[in-house]
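Just so you know, all these numbers are worked out from the coordinates, no wet-lab data involved. In this text, all values refer to a predicted model and were calculated from it rather than measured experimentally. Virtual Cβ from ideal backbone geometry, glycine too; neighbours counted across all protein chains shown.
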Amino acid sequence: MRTMTESIPIPASTARTLALTSFDDVGRLENEGLTSLSRSLEDSAENVLQVATENKGGNFVSISRHDASRVTAYGDVDASRSARVFLEQYGVWGNK
């Protein structure tokens, strides 16, 4: 049985890429009338970017499992593939 953690480690460079590229969908979601999802995605991207930016040269950052999931779903495809490994390992995505 996996333990549910509130945050998960993810490569800092992947976190930055996911945050920056997920901002691209914020406007699109808003235009489609998905205001709540748009705001949630924007909040998550800002949170992840802040943590990744404050990183002092470490290889990994610890980010909220919810923020990680959201930016991975909307971020860069290659970075999402990298992040998916961590989301599955920590039981955020996949079998629980």
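Worth a mention:
- C-alpha long axis of helix 65-74 to longest principal axis of the chain, angle in °: 50
- Modelled this way, with points 7 Å down the Cα-to-C-beta line, the labels at Asp78 and Ser62 are 3.0 nm from one another.
- Computed over the alpha carbons of the chain, Rg followed by Dmax gives 12.9, 41 Å.
- Using the alpha-carbon positions of the range 18-66, Rg (one decimal) and Dmax (whole number) come out as 12.2, 39 Å.
- Residue-averaged [θ]222 nm for the chain, counting only DSSP H segments that reach four residues, each worth -39500 (n - 2.57): -20000 deg cm²/dmol
- Within the shell defined by Cβ-Cβ distances under 10 Å, the residues around Ser44 carry a net charge of -2, with Lys and Arg each +1 and Asp and Glu each -1.
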